[in-house]
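The values are calculated or read from the model by the stated rules, or taken from the named source; none is laboratory data. Everything numeric in this text was worked out from a predicted model, so none of it was measured. Backbone-built Cβ (ideal geometry, glycine too); neighbour counts: all protein chains shown. The protein model used for the area step is the full one, side chains on, heavy atoms only, and it has no ligands, DNA or RNA in it. Shrake-Rupley method; radii C 1.70, N 1.55, O 1.52, S 1.80 Å.
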Amino acid sequence: MQVEKLAPHVGVEVTGIDLASIAGADLEALKDLVFGAGVAVLRDQTLTPEDHIALAERWGGIDINNYFPLQDEYPEIAIVGKRADQETNIGGGWHTDHSYDQVPAMGSILVARTLPPSGGDTMFIHMGEAYDSLDDETKAEIEDLAAFHTADHIYSPEGVYAQTDQGSELRGQALKTGATHPVVIRHPRTGRRLLYVNPAFTINIVGRTREESLPLLQKLYAAAMNPDLQGRVQWRDGTVAIWDNRTTWHFACNDYQGYAREMHRITLSGEALAA
Ligand code: OGA
Ligand code: MN
């Protein structure tokens, strides 16, 4: 297994691995890379849907996403797609997946199935680097805070996607979600301190209204959105990305209007988060 950086502060590109058969020590090494660097990119993979599911099961189990359309024959696989005639994409803002769950998903294995001729990159930020970049005063201010997360304003019938041309594709619009997590978590495997709030799903600091919370949340988001901390995955046929939702945020670029893009996502089960 050979490892190169994807960008100075986030991600790795891994070669010499066949995801269809990886197991044992190689799989453990790949997990450590994902936990630490936040995202691993693997090229020239030939994963069938069965291989994709088997890899996720070997990794540690599958969480079924409640909202995205599922692959007909394989309900473990969610379709993250945009047709040529749609304008809105899925994930087109900085976020981390499933932070609205009590036990958020560890991450995802995303496989490129249909790509636009150019564009459609996915950007990542390392939330440990984002935390480290805060000044001491801000670190002290957020040390013991918790925040409330929900997806209701995104996926409900009045929510963000319902107002767009993605609305009719989504499932689970009647679901209610909500979870409280520390603003700074310790990564369950690496022990690294990570900023764990995000602009998509975090509503307020516990004990404060949304309005009272916004100045602090905006300050944390602005620190995290530092372009110097970002890396980008440029997809090609055969590219697979595996990311850690605790270690990173991600953002799906929507710069390919008029072309279709379809990704197959399996969401990997996570574990409880603590400060
Ligand atoms: C996701 C997501 C990014 C992309 O699957 O959670 O945000 O580039 N996808 O499709
Ligand atoms: Mn996402």
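At a glance:
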| item | result |
| --- | --- |
| Rel. contact order, % - alpha carbon contacts under 8 angstrom, at least six apart, segment 2-268 | 37 percent |
| Longest segment of the chain lacking GluC sites (Glu not before Pro) that sit in a DSSP loop with at most 13 other Cβ atoms within 10 Å | 159-270 |
| Solvent-accessible area, 1.4 Å probe, carbon plus sulfur percent, for the chain | 49 percent |
| Only Lys, Arg (+1) and Asp, Glu (-1) charged, at Cβ; the chain dipole about Cα centre in debye | 140 debye |
| Descending principal axes extents, segment 152-275, alpha-carbon based, whole Å | 44, 36, 29 |
| Span from the segment 1-73 Cα centroid across to the segment 223-275 one, whole angstrom | 12 Å |
| Length-normalised contact order of segment 10-112 in % [C-alpha pairs under 8 Å, at least 6 apart] | 20 percent |
| Accessible area in square angstrom per residue, segment 2-268, 1.4 angstrom probe | 41 Å² |
| Segment 126-218, relative contact order [Cα under 8 Å, separation at least 6], % | 35 percent |
| Shape of segment 1-96, Cα gyration tensor, a/c cut at 1.5 | oblate |
| Tail weight of P(r) past 24 Å, computed on alpha-carbon pairs of the chain, percent | 47 percent |
| Sparsely packed trypsin sites (Lys or Arg not before Pro) within segment 208-267, loop by DSSP, other Cβ within 10 Å at most 14 | Arg236 |
